[in-house]
Amino acid sequence: IGYLPEERGLYEKMRVRDLMTYFGQLKGMETGLARKRASELLQRYGLGESADKKCQTLSKGMAQKAQILATLIHEPELIILDEPFSGLDPLNRDLMRDLILQLKREGRSVIFSTHIMEQAEQICDRVLLIDDGRKILDGELSAVRSSAGKEIRLDYDGDGDFLHDLPGVARVNDSGKQAELFMEEDADPQAVLAALVAARVRVRRFDLRELSLHEIFIRAVGGGEKAVGGDTDGVGGDEDDE
């Protein structure tokens, strides 16, 4: 098992390569093998030049990356990551995302928590959403999204006040000229399009798609609406994904 806690901890006076070697030894690796593996990981993921620097000299993002690599040094079959992207800049977030996807392709099991729904959508096969300590839904990502309803991405010209009165629309996120229309269950998108045409609205884009995990979470916990796969009485709270 490899485990990365949310609260990070590096031995500040140790050098990065020595720290990773030590973590490998704790997991039963022979010292020479652990040191070789540490060097390979550091070089592959952009920390080669920092291998012999003390941990206290690393930036927050570099320290986070070093600890993630230390979690993986012994090539565990089960990896548990608590907020693994915290502190990483966009480039390093992409690098860590690709690393997790590579682990999945190798047949490893990865469980991670995040407050960023887009990360779960990019990486996960299954999701579990928790609000105020209660499970509000779980299952295959594709099944969760397909059963949660639809949204319409709309580009238009004209006054957007009419959007709130369209048939079958539960909620509108209108930024002016562009809008997201979140549909009620069993609503007919064709009825929405017909209403737009009847109102002589110039439609430049009408794109029907599945709800994002972010919107599914909002529906599940906001205003006490019925969640996919269950009910919730929580408002706000944490978003945790597997």
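Every number in this text was worked out from the coordinates using simple rules, so none of it is lab data. Model, not experiment: these values are computed from the prediction. No Cβ is skipped: glycine too gets one built from the backbone with ideal geometry, and neighbour counts run over all protein chains shown.
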For this session: Name the residues whose placed amide hydrogens come within less than 5 Å of the amide hydrogen of residue 128, ignoring near sequence neighbours (fewer than 5 apart) on the same chain.
Result: 242
Problem set entry | Expected-Rg normalisation [2.2 N^0.38 Å, Cα atoms] applied to the stretch 82-175 | 1.44
Seminar exercise, completed: Scoring the chain by relative contact order with C-alpha pairs under 8 Å, at least six apart, yields a percentage of 18
Seminar exercise, completed: For the stretch 38-44, in residue order, the Karplus 3J(HN,Hα) values (coefficients 6.51, -1.76, 1.60; θ = phi - 60°; whole Hz; Gly and Pro = x) are 4, 4, 5, 5, 4, 5, 5
Seminar exercise, completed: Evaluated at 25 °C and 0.890 mPa s, the Stokes-Einstein D of the stretch 149-210 based on the Kirkwood radius over Cα pairs, in µm²/s, stands at 218
For this session: Give, in nm to one decimal, the length gained when the segment between residue 115 and residue 77 is fully stretched (0.36 nm per residue of separation minus the Cα-Cα distance).
Result: 11.2 nm
For this session: Report, in deg cm²/dmol and to the nearest 500, the calculated mean residue ellipticity at 222 nm for the chain, where each DSSP H run with n ≥ 4 adds -39500 (n - 2.57) and the sum is divided by the residue count.
Result: -10500 deg cm²/dmol
Seminar exercise, completed: Over all pairs of different Cα atoms in the stretch 1-154, the reciprocal of the mean inverse distance gives a Kirkwood radius in Å of 16.8
Exercise. Taking only Cα atoms, what is the 0 to 90° angle, nearest 10, from helix 16-26's long axis to the longest principal axis of the chain?
Worked result: 90
Problem set entry | Sorted peptide list for 74-83, 52-61, 200-209, criterion being average Cβ within 10 angstrom, highest first | 74-83, 52-61, 200-209
For this session: Could you work out how far helix 90-105 tilts from the main Cα principal axis of the chain, as a 0 to 90 degree angle to the nearest 10?
Result: 80
Problem set entry | DSSP-defined beta bridges in the stretch 2-113 - what % are antiparallel, rounded to 5 | 10
